[in-house]
1. What are the residues in the stretch 84-104 that are exposed (fewer than 12 other Cβ atoms within 10 Å of the Cβ) and either touching a strand residue (DSSP E or B) at 6+ places or on another chain (Cβ under 6 Å) or within 18 Å of PHE53 (Cβ to Cβ) (or both), if any?
2. Looking at (1) at pLDDT 85 or above; (2) touching a Gly at 6+ places or on another chain (Cβ under 9 Å), can you tell me which one ALA117 breaks?
3. Please state which one of LEU84, LEU14, LEU69, LEU89 is among the aliphatic types (A, V, I, L, M) and at pLDDT 85 or above.
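The values are calculated or read from the model by the stated rules, or taken from the named source; none is laboratory data. These figures come from a predicted structure and were not determined experimentally. Quick reminder, even Gly has a Cβ in these numbers, built from the backbone with ideal geometry, and neighbours come from all protein chains shown.
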Amino acid sequence: MSNRCVLSHTLEALTCYTHPMLPLYYIRWHYTQGVLDLLNIVGNFLWFFNELFSIRMSVRTFFVPFHRLSDDARPHGALDIGNLLERFLVNVLMRLVGALLHLTLIVLGIIFLAATALASA
């Protein structure tokens, strides 16, 4: 058998690897550089999901009001208990909504990071 490859009518040249050491070269690449490339790709995915879901920032700003909505209006005139209670409830509600959204982002981020780590194994 010759070392020449069969060329199709559309290809002018074709490089054929018929070197007898090719399987050994492949095995060496597969278990050295191939593993390093895979780890680099997995690291890029982990970095991407960490940045996408902003897990650290969500933990730091867990109780920040949703879209920074709060009722900071000062009452005009005498002390109004109804106005104070209304402001308090709006602020607490917006903080709870913010905490719920941050918790959702944190949980989804952890799920994606864990799934990426498991899929890479």
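1. LEU100
2. Going through the list (1) at pLDDT 85 or above; (2) touching a Gly at 6+ places or on another chain (Cβ under 9 Å), ALA117 breaks only (2).
3. LEU89
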